[in-house]
Amino acid sequence: MTAVIALLIATLIPLLFLYIVRKQDLYGTGAFSDILASFIWGLIAYLIAAQINPAMMNMGLISHDTLVRFSAPILEEILKGIILVYFIRKASFTYFVDGAIFGFAAGIGFAIIENFEYVLGNLETAIIQAI
């Protein structure tokens, strides 16, 4: 039961934040489908990073310390940002705040799946980790 509560917290807080950011967008030019695509891309970016990061370490290219401090953050941020390159090239992209919202959505998609890994990886501290 604790894990379920923790997973709900780890999901609902980021989604609530995204909802608030979207509601504060005065011009509302970013389509919901684009925000959803960004969110889904964040999930995909996590899955890609989860394959590349350990592979680099297993191949002996980097140490665990280098992975945690440098390689993983850089790779993860690049992967999350790729969707923005797609959106800024669209003719319908006219308002820079849309880019921020798309970036938030991708980051939140990434964060939710990462939160699941942390919560399920240590059930003893699941709620604390979720918060």
Check: Condition test on Ile9, is it β-branched (Val, Ile, Thr), surrounded by 14 or more Cβ atoms within 10 Å (Cβ to Cβ), in a helix (DSSP H, G or I) and modelled with pLDDT of 95 or more?
Finding: no
Next item on the list: Working carefully through the options Asp98, Asp65, find the one that is among the acidic types (Asp, Glu) and surrounded by 17 or more Cβ atoms within 10 Å (Cβ to Cβ).
Entry: Asp98
Margin query: Being within 16 Å of Glu114 (Cα to Cα), open to solvent by 40 Å² or more (accessible area, probe 1.4 Å) and either modelled with pLDDT under 95 or among the aliphatic types (A, V, I, L, M) (or both): is that true of Val85 here?
Written below: no
Margin query: Pull out all pairs, ordered by first then second residue, where Cβ-Cβ is under 9 Å, the residues are six or more apart or on different chains, the first lies in the stretch 110-131 and is in contact (Cβ under 8 Å) with a residue 12 or more places away in the chain, and the second is of a type in the set (D, E, K, R).
Written below: Phe110/Glu76; Phe110/Lys80; Glu114/Glu76
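The values are calculated or read from the model by the stated rules, or taken from the named source; none is laboratory data. Note that the structure is predicted; figures quoted are calculated from it, not measured. Positions of Cβ are backbone-derived with ideal geometry, glycine not excepted, and every protein chain shown enters the neighbour counts. Accessible surface is based on the protein model in full, side chains and every heavy atom, while ligands, DNA and RNA are left aside. Shrake-Rupley method; radii C 1.70, N 1.55, O 1.52, S 1.80 Å.
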